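Presented below is the structure to which this report refers.
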Amino acid sequence: MSGNRRIPGKGRPASDRPQVKPSADSAPRSVKPAVVAKPFVPLARKGEQEVRVTSLDEDGYGTVRTEEGMTLRIAGALPGDVAVAAIDHVAGGTAFCHVKKMLQPSPLRSTNPPCKESADCFGCPLIPMKYSEQKNWKRGMILAEMAKYPLLAGVVVHPLLSPDNLIHYRTTAKLTVAGKFSEPFIGIYRRASHDVYDLEQCPIHHPLIDKVVAAARKGISKGKVQVYNPQSKMGLLRYLVVRVSVHEKKAMVVFVTSKRSFNEIHHLARFVQEQVPEVDVVVQNVNATEGNVIMGQKDYFLTKKLHLTERIGEISFRLSPRSFFQVNNSGANLIYSKVREWAGLTGRETVLDLYCGIGGISLFLAGNAAEVIGVEVVEEAVADAAMNARINGIRNCRFEAGDVADLLEEMAEERQQVDVAVLNPPRKGCERNVLERVAALAPRAILYVSCSPQSLARDLDILAGLGYGCREIQPVDMFPQTVHVENVARLEKNS
């Protein structure tokens, strides 16, 4: 990783966007870190404080509890750091800070991190931490959540599995375009604000994404493409979405605009393709709505090719502009393979895959099952899943669009036999009635894939009360350098 240093980004703020301060009750709880240091006594209650950081919360802020009872959340700080923290603003009993001066670095710190600006960008809060310590911290966070529920005592949490690449693994980027065409900047929102941090080269992105971003920035200036201003609601270009197929070594570029405007985006697309020949698909997506939703419902293709093809293991996937797909191919392969291993299929089973998305897990299991039934509420994802089954020649998968709880109720009424159930819900986890209806189908095993240790622990506790004991959990480091971690949990029906 020492040969992959980040080129400094400009970090220019979007001056026309107001700072949004987090509310006091939005501050997440701290979790137990790998190493805990004793706090310094604060020197004074003022704009700057000398502190020894004691823990790391679930958003990656270093935290300190002062003698006055205030919690300091310090961007860029790690447990064990001794630093001068400058207070940016206070909300209730929480002060949001940044490191003004490092007095003594923590032993958890890497001597040569792949990014020197993580405290400013804060998209990857753990990137200054040694990778071995990142894994320890994430496993500790999972153990801390499980410990809150007596029914989960004794659940085995294995060491994290790591993907092939710890940097340059992210194959999809959804970036905000801000500023003016004469000096555009393309990047991500800073944490808890509407300021945009300009990304020139990001160590997490696939290198092809950085090439596209650089070309788009030049093309916006050259073509005088008006950048959208959310305050005045004037301008055209809102977002840049880049998706890479590692298998094809090609890219898809989506320009998200406030309205249909052919000439500017057509010329911008031609310029980007001239600069980056690997760009095979270019799309204009129109999103005239307000709010935080990036993609609109209408796509206009500017190339003859309409999709990319990606592979995970032996399965091919067709990717359209709005297809959901994992951003780390190696990490997805680890998860899918673990689900297949723990499912213990013999070729005679019926498998139920809930929240199946575009069918990744379903297609991985199909070769070892009699039938796989995928359920997903998003109709476009179900269409993609059916298409992916066809292009792989898989005929024992069927996919249904609809509310998961309603479809489970129908299956119970029809006395549908289910041998293995797979749950892969969004971050908020499953509704209780979904868990109850899955348990009522009496599968011999449940495999729960989760991106949130908090909702996973809560749902495992509910399932334990419904007769399904969690035997083991396999964490997968899908997103190295960030605070996020995926988990696969194996549950069996109690005798």
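The values are calculated or read from the model by the stated rules, or taken from the named source; none is laboratory data. This one's a predicted model, so the numbers in the text were calculated from it and none came from an experiment. Positions of Cβ are backbone-derived with ideal geometry, glycine not excepted, and every protein chain shown enters the neighbour counts.
In table form, for the structure just shown:
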{"item": "Condition check for residue 285: in a strand (DSSP E or B) and not assigned by TED's automatic domain parsing to the domain that holds residue 451", "result": "yes"}
{"item": "Residue match in region 221-233 (condition: closer than 22 Å to residue 184 by Cβ, of a type in the set (Val, Ile, Thr) and without any contact (Cβ under 8 Å) to a residue 60 or more places away in the chain)", "result": "yes"}
{"item": "Of all residues in region 288-308 being touching a Pro at 6+ places or on another chain (Cβ under 9 Å) and part of a strand (DSSP E or B), the one that is nearest to residue 245 (Cα to Cα)", "result": "301"}
{"item": "Among residues of region 337-353, those that are of a type outside the set (Lys, Arg), surrounded by fewer than 22 Cβ atoms within 10 Å (Cβ to Cβ) and within 22 Å of the chain's Cα centre (by Cα), counted", "result": "1"}
{"item": "Residue that is modelled with the lowest pLDDT, among those in region 96-138 that are touching a strand residue (DSSP E or B) at 6+ places or on another chain (Cβ under 6 Å) and in a helix (DSSP H, G or I)", "result": "119"}
{"item": "Region 466-495: number of residues that are within 22 Å of residue 411 (Cα to Cα) and in contact with a helix residue (DSSP H, G or I) (Cβ under 8 Å, 6 or more places away or on another chain)", "result": "4"}
{"item": "Qualifying residue in region 232-240 (condition: in contact with a Lys or Arg (Cβ under 8 Å, 6 or more places away or on another chain) and either surrounded by fewer than 24 Cβ atoms within 10 Å (Cβ to Cβ) or part of a helix (DSSP H, G or I) (or both))", "result": "yes"}
{"item": "Test: residue in region 84-102 that is of a type in the set (Val, Ile, Thr), within 24 Å of residue 161 (Cβ to Cβ) and crowded, with 18+ Cβ neighbours inside 10 Å", "result": "no"}
{"item": "Subset of region 249-274 [surrounded by 15 or more Cβ atoms within 10 Å (Cβ to Cβ) and either within 27 Å of the chain's Cα centre (by Cα) or more than 17 Å from residue 303 (Cα to Cα) (or both)]", "result": "250, 251, 252, 253, 254, 255, 256, 257, 258, 272"}
{"item": "Condition broken by residue 301, with the remaining ones in (1) in contact with a strand residue (DSSP E or B) (Cβ under 9 Å, 6 or more places away or on another chain); (2) touching a residue at least 24 places away in the same chain (Cβ under 8 Å); (3) not assigned by TED's automatic domain parsing to the domain that holds residue 401 satisfied", "result": "(2)"}
{"item": "Extreme residue, surrounded by the most Cβ atoms within 10 Å (Cβ to Cβ), among residues of region 173-212 that are part of a helix (DSSP H, G or I) and in contact (Cβ under 8 Å) with a residue 40 or more places away in the chain", "result": "212"}
{"item": "Hey, residue 383 over 28 Å from the mean Cα position of the chain (by Cα) and farther than 26 Å from residue 475 by Cα or not", "result": "no"}
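This table checks each residue for (1) farther than 24 Å from residue 299 by Cβ; (2) within 25 Å of the chain's Cα centre (by Cα).
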{"position": "186", "(1), (2)": "no, yes"}
{"position": "205", "(1), (2)": "no, yes"}
{"position": "214", "(1), (2)": "yes, yes"}
{"position": "224", "(1), (2)": "yes, no"}
{"position": "235", "(1), (2)": "no, no"}
{"position": "244", "(1), (2)": "no, yes"}
